[in-house]
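Accompanying notes for the structure given below.
Read the figures in this text as sums done on the coordinates, not as results from a lab. Please read all numbers here as calculations on a predicted model, not as lab measurements. Methodologically, a virtual Cβ is constructed for each residue, glycine included, from the backbone with ideal geometry; neighbour enumeration extends over all protein chains shown.
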Amino acid sequence: MSSFPRMRESHGFLIILEYYTNFRKKQALFMSDFAIETLIVSDFHLGLWLSRPVALLKVLREVPYQRLIINGDVFDDLNFKRLNDDHWEVLEFIRNFAKTHEVVWIIGNHDGEDDIFSHLLGVKVHKEYAWTSGDLKCLATHGDQFDKFLNKNPIFSDIVTSLYYCVQYFDGRDAKFSGWFKTHTGAWLRQCDIVAQGAADYGRAHHVQAIFCGHTHLPMQKDFGDIKYYNSGCWTDRPSTYITVDKGEVKLVEVM
């Protein structure tokens, strides 16, 4: 008589068996033809109390994809003492995922020196990254280089950002006021449009059909005729957003 039925009576064994089975299923799904080609996320700002690592991890673990592009601002700053257990878990997932899949880390203006991250996660850090999906020529770059206001007024820009964080601090879970503030503030929207236009011009000069940025924290899809601009938003707001690119089709997805 097999001893397997008696082994199943062990609650601990059941937990291990279930965990292993689920892990193998997810691993197979990530490697299968059902997995989308590319998942793009940006602006985690790990270390900031507003960051949403649990929601981010749920997406990274459950959405099947073959390539992960992290489009800048993984950290809020280089004070790693601000990272909590959930923040470290995000980094651990990325490091492990990179062992079997392609992970592209694009440096953001909050990220500091790129050699720090190559050592920390064991992945190559890029200034920008180009690839092709179907017939769609794509380029990803963080986007801060197109932010003329930030580049000319770094101190004032930090003050404005801090004020927005304060608004979020006193806002409710549904973030109605901070969401309204971001989508109805003329100066903010104009700056986002400037970044979008700069990115489109840059992508056009590099002969691509789609350019992907982060930086502004405002998810966006904008058609400039011969080129399309996409912004993957951030993981400090509700809803947060990510982008999928598969066989030339681009989708912007919200996560509450």
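At-a-glance table
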{"item": "Whole-Hz couplings from phi, Karplus 6.51/-1.76/1.60, listed for region 100-109; x for Gly and Pro", "result": "10, 9, 7, 10, 10, 10, 9, 5, x, 6"}
{"item": "Order of GLU249, GLU62, GLU37 - criterion: other Cβ atoms within 10 Å of each residue's Cβ, fewest first", "result": "GLU62, GLU249, GLU37"}
{"item": "Under-5 Å amide H pairs with PHE75, H placed in peptide plane, nonlocal only", "result": "HIS45, LEU46"}
{"item": "Sorted by Cβ neighbour density within 10 Å, fewest at the top, the residues ASP226, ASP201, ASP111", "result": "ASP226, ASP201, ASP111"}
{"item": "Ascending count of other beta-carbon atoms within 10 Å, so fewest first, for VAL245, VAL250", "result": "VAL250, VAL245"}
{"item": "Phi to ³J(HN,Hα) by Karplus 6.51 cos²θ - 1.76 cosθ + 1.60 over region 241-251, Hz, x for Gly, Pro", "result": "9, 9, 10, 10, 10, 8, 6, x, 9, 10, 10"}
{"item": "Phi-based couplings in Hz for region 50-67 (Karplus 6.51, -1.76, 1.60; Gly and Pro marked x)", "result": "7, 4, 10, x, 5, 5, 5, 4, 4, 5, 4, 8, 9, 7, x, 8, 9, 10"}
{"item": "Cross-link pairs LYS81/LYS222; LYS58/LYS222; LYS148/LYS247 - those with Cα-Cα distance over 32 Å", "result": "LYS81/LYS222; LYS148/LYS247"}
{"item": "Most to least packed among 206-213, 66-73 [average Cβ atoms within 10 Å]", "result": "66-73, 206-213"}
{"item": "Nonlocal amide H pairs with ARG67, under 5 Å, H built at 1.01 Å", "result": "THR38, LEU39"}
